[in-house]
Structures are given as C-alpha cells and as structure tokens.
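What follows is one structure encoded as structure tokens, with my remarks underneath.
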Amino acid sequence: MVVLDHETIRSMVPGRFFRDHKGPINSLDFHPTDDVMVTVGDDDTIQMYRTSSGELIKTLYSKKYGCSCVTFTHASQAVLYASKDPKKDHALRYHSLYNNEYIRYFMGHTAQVVNVSMDAVTDEFLTASADGTVRLWDLRTPACNGVIRCATTPCVASDLQGLIFAAATDDGELKLYDARKYGQGPFIDFQVGSVDPGTGKRPRVTCAKFSPDGEGLLCVAGGTMYIIDAFKGDELMRINDAAGATGNNLEACWTPDNKCLLSGGADSRVHVWSAVNGSKVATWGARHAGIPSSVRWAPGMMLAASACTEGGCALWIPKAGGGQ
C-alpha cells in the first residue's frame, strides 16, 4: 500500500505533460497492476502510455464510433470503452490494444453510456447509460446478464474486493447490491445530499467511487463531494467548496491509502482534500489549459494523472525532497 503524508501530496508536480489529443480528453484509466495508462478523447483516439517512463507507447483510433468511458480489463493490453457518436449504436467495445482488434461488442443500450465499472475479481462489468438503465455484462459473452431500471441517468461503481456495487438510480438515491445476488435487489438504499427548496429534489450523483479498503463510498453530486459509509449508508462527511473548485459532473477519486480525495477544479487546477476531516490539503500549482475533468491516482504508486477539456494530460509525481 502507498502511504502518503500531506507534505508529499503538497509537493506534487507534473513529471510529464502530454498534448497527444487534439481535443478534450473525456476519460483515462490506470491498469491495476501493470505500469500503463490509457486515455481517450473526443478526437476519437486512444493513447497508451508507460507510466514508469512517461513515454507514449502507441496511438490507436476509433474514428467510426468514437470513444469514451475507457476502462482496463484485467489484461494490460485490453480495454473496454463506450461509443461516443450519438447517432451510432451505443455499444461497448472490448478492444485489444496489442493487435488493434475488437474482441467483442456489447449491444443493448439505446443512449449514450456515461459510466463503465469493471469488477476487480471476475470478468463481469457494469455500464450506466442515459437511457435510464444499468446493465450487467460478462466479457466472455455479448449477452447482457441483467438490467436495473432507473428514474434518471444512473451512475455505477464496483468495490475493489468484488463483493458489492453501487447504483445511483434516481436524484440523490443510491442503492447497494451484493454482486453475486443482485437479482434479489439492493440490500440497502439511502439518500445523498439535501433537498433543493426550489426543485424539491436532491442532486443527481454523477460520480461514485469506493475507497480502496471498501469501507467508504465517495459520491459527487451537485458540485459537492460526499463520503458515505459503504455498509450502513450513513453520510460521514460533506465537502462543500465555496471557491467553486469542484464543478458539477467532474470526476473525483481516492488516494490509495484512503486518506485523501482528488478532484479537478473550475480554476483549471487539481485540488486535494482530507478524507479524514474534510480540510483542504493542497491545490497543485501547475494549471491545465482547460478544466481537469478526469483525475486518477495510480494503484500502488506515487503517481497521479489529470486530463483536461483542452486535450492536455499531466502525470504528477512528488517533487524531489518534497516528502522529506
């Protein structure tokens, strides 16, 4: 496990900065065990990087369908991603990066897929779509294994132990399922956020991430970050950023030691908060040209990535002597 102190986190600087995309980067992912990262953008390209050296390994294209919501499978040379073109089939594509071939297509959604979550243990994965459904799949077969119908555009997340998954199925509503018994329905559901007096509704959850230890669930809703007890559904913490650094629909993530949260900001910077007491830990000094809408911390490494709406991607590392 990577253990990070606040001094090290405050010292983070861009070790590499890439401008290989010709438009916004809409998602990125690290492989859980190999030192590779992949990014996909609105320019219909897939960029694969070696994180240990910061080198671009290869560039692939998905010109016909576009690409978004990229997620590594268990193989470091294979990814899942959603179609981007709203006029196409809204399929998921299982793509071999090794030989640039599609292994399988997953058809069934009737609107844009907004979220893909790979099971940490099995070959199963989840998708959430603007068609108001969450679908359950297996990499080994193109047939959908199950459907959860939602009142609004949903959001899904799987825990890193492969035991449970969360589905945001309505405004401010989150349900937890046993990954092996999801057909029995959720074992708990709870509300996220406060009711807006003007609309009478709670904010929609647009990002959900389980903590690495599986005990907490990070939710972004209406520009506010919430930490939820992943077993009881109790709200443990609410992080409101009065400066507007956390924009609605931006991605947030955990650090590997469960102690901090990262998010892009409307000020084009990456911000870090304590998941223990909610205090601001750092605002990283280097600024993106656009809004860093995707952020991830590399599993088991002193390395984070942020990608922005202007096509730039930064790999962040501790400044020499920063953690001393």
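Derivation of every value follows stated rules applied to the coordinates shown; laboratory data play no part. Source: prediction; values computed, not measured. Here Cβ is always computed from backbone atoms with ideal geometry, including for glycine, and neighbour counts include all displayed protein chains.
A few points about this structure:
- Segment 150-240 - Debye-derived log10 I(q)/I(0), Cα point model, q = 0.25 Å⁻¹: -1.34
- Potential lengthening between D123 and A266 on full extension [0.36 nm per residue; Cα-Cα distance subtracted]: 47.9 nm
- Cα gyration tensor, segment 188-324 - rounded (a/c under 1.5), prolate or oblate: oblate
- The reciprocal of the average 1/r between distinct C-alpha atoms defines the Kirkwood hydrodynamic radius, which for the chain equals 19.7 Å.
- Span per principal axis, largest first, for the Cα atoms of segment 104-200 (Å): 47, 29, 21
- Coarse-grained scattering of segment 31-144 at q = 0.13 Å⁻¹, given as base-10 log I(q)/I(0) from a Debye sum over alpha-carbon atoms: -0.45
- Each residue of segment 265-306 gets 86 Å³ once the volume of the Cα convex hull is shared out per residue.
- Couplings 3J(HN,Hα) for segment 9-19, derived from phi with the Karplus relation 6.51 cos²θ - 1.76 cosθ + 1.60 (θ = phi - 60°), are 4, 5, 8, 4, 9, x, x, 9, 9, 10, 10 Hz, where x marks Gly and Pro.
- For E310, distant residues with modelled amide H under 5 Å away: I25, G290, I291
- Helix-only arithmetic for the chain: the sum of -39500 (n - 2.57) across DSSP H runs with n ≥ 4, divided by the residue total, places the mean residue ellipticity at 222 nm at -500 deg cm²/dmol.
- Residue ranges 269-276, 71-78 sort as 269-276, 71-78 when ordered by packing (mean number of other C-beta atoms within 10 Å per residue, highest first).
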